[in-house]
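Here is the structure we will look at.
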Amino acid sequence: MTSLVSSVDDSMFAYHVLRYASDLVRDEWLNIGVIVFDPLTGALRLRLVEEQDEYARIRRLQPAADEDVLRGFRDELEDRFSTYLRNRRAEMADTPAVGEELQKLIESWNNTLSNGLQLAPQKGVHADDLDVELERLYTEHVAPPRKVIRVGAPGSRAMIRGYCSQVWKAAGLWDRIQKSARVAEFTFLGDPMRIDYTYRRNGTRGYVQTISVSRAPADCKLYAYTAARIAARAPFASEFAAVTDVPLLAENERHCFVRDTLRDAGIEPIGMDHFATWVPKLKPTIQ
């Protein structure tokens, strides 16, 4: 791997695109994720494919692709990322060695990946915000190309998450919440579902999931089932909320289905138009 100094030059951040090939003989690689980090502070962000349309695109382009391998790779890399963050906070925070330690870590990741997975060569980029740059790089290098959507058309979960992330950041809570939390420990081994955001407050763990009522209203049943499993098995009190792309109107049968399914499972439905007033109410109590 190219050294940090020569590859980043005077750029603020550095990044790698994660690539996957289901058939090494054909040598056809597909981008599946992005790692972006600040070589001075050691701050690092990671995002890999997670939506069904993203996996569907991988299967179309590489029919031999193993979705279980990809999901397992994502879990493994996130575990390594979490371990790094814990060590950084405990031992290396704000020390001159943090950038060097991070570079060594990424090199070790690349050396231990399976043959069908690799990090593309490191590149540097000028940017002001690590999270914003992660989303930009992911959209540019990984996300399926999107058709132009007419003005006013309902949004996807990615759009809802983008808005919710801005609200969390504006409230100063972005670094105090967990993103894309696994639920397999509460359901069954191998469950690929993830909750968009989780937080802790007053001894309670909260879960917030985005749901596109306009595109996939049946997703509320999956979230309701998962919430019930978490509430029954978690060793702590739990609370749940769902952010919907549209307000749930009483005169709309589909909206009533989503609303009643969520409420029956103890999930508070929140329209996007109310999320920016809902989040600040949590701020004084979030740990």
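Tabulated results
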| read-out | value |
| --- | --- |
| Given charges at Cβ of Lys, Arg, Asp, Glu: the chain dipole, positive-most of 138, 22, 208 | 208 |
| Nearby aspartates and glutamates by direct alpha-carbon distance to residue 104 (threshold 18 angstrom, same-chain neighbours under 8 apart not counted) | 9, 38, 76, 78, 79, 91, 94 |
| Per-q log10 I(q)/I(0), the chain, q = 0.16 Å⁻¹ (Debye; single scatterer per alpha-carbon; no solvent) | -1.45 |
| Surface accessible to a 1.4 Å probe, residue 283 within the full protein complex, Å² | 90 |
| Part-to-part distance (alpha-carbon centres) for the range 205-233 and the range 107-147, which is given in Å | 29 |
| Antiparallel %, DSSP beta bridges [both residues in the range 177-264], to 5 | 55 |
| By accessible area with a 1.4 Å probe, ligands and nucleic acids excluded, highest first: order of 193, 159 | 159, 193 |
| The range 239-287 - charge dipole about Cα centre, Lys and Arg +1 at Cβ, Asp and Glu -1, debye rounded to 20 | 240 |
| Mean separation of Cα contacts under 8 Å, 6 or more apart, over the residue count of the chain: relative contact order % | 17 |
| Anisotropy class of the range 213-287 from Cα gyration tensor, a/c 1.5 cut | oblate |
| Semi-axis lengths (Å, descending) of the ellipsoid that matches the C-alpha gyration tensor of the range 153-199 | 23, 16, 5 |
| Solvent-accessible area per residue for the chain (1.4 angstrom probe, square angstrom) | 52 |
| Probe 1.4 Å - accessible area at residue 139, Å² to nearest ten | 90 |
| Given charges at beta-carbon only (K, R positive; D, E negative), |dipole| of the range 183-244 in Debye | 100 |
| Cα gyration tensor shape of the range 201-247, rounded if a/c is under 1.5, else prolate or oblate by comparing a/b with b/c | oblate |
| Ordering of 233-244, 270-281 by packing [mean C-beta count within 10 Å, highest first] | 233-244, 270-281 |
| Leading residue at positive end of dipole, the chain (Cβ point charges), from 106, 237, 167 | 237 |
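The values are calculated or read from the model by the stated rules, or taken from the named source; none is laboratory data. Quick caveat: nothing in here was measured; it's all calculated off a predicted structure. Ideal geometry is used to build each Cβ from the backbone, glycine not excepted, and the neighbour counts take in all protein chains shown. Protein only, heavy atoms only, side chains kept; ligands, DNA and RNA dropped before computing areas. Shrake-Rupley method; radii C 1.70, N 1.55, O 1.52, S 1.80 Å.
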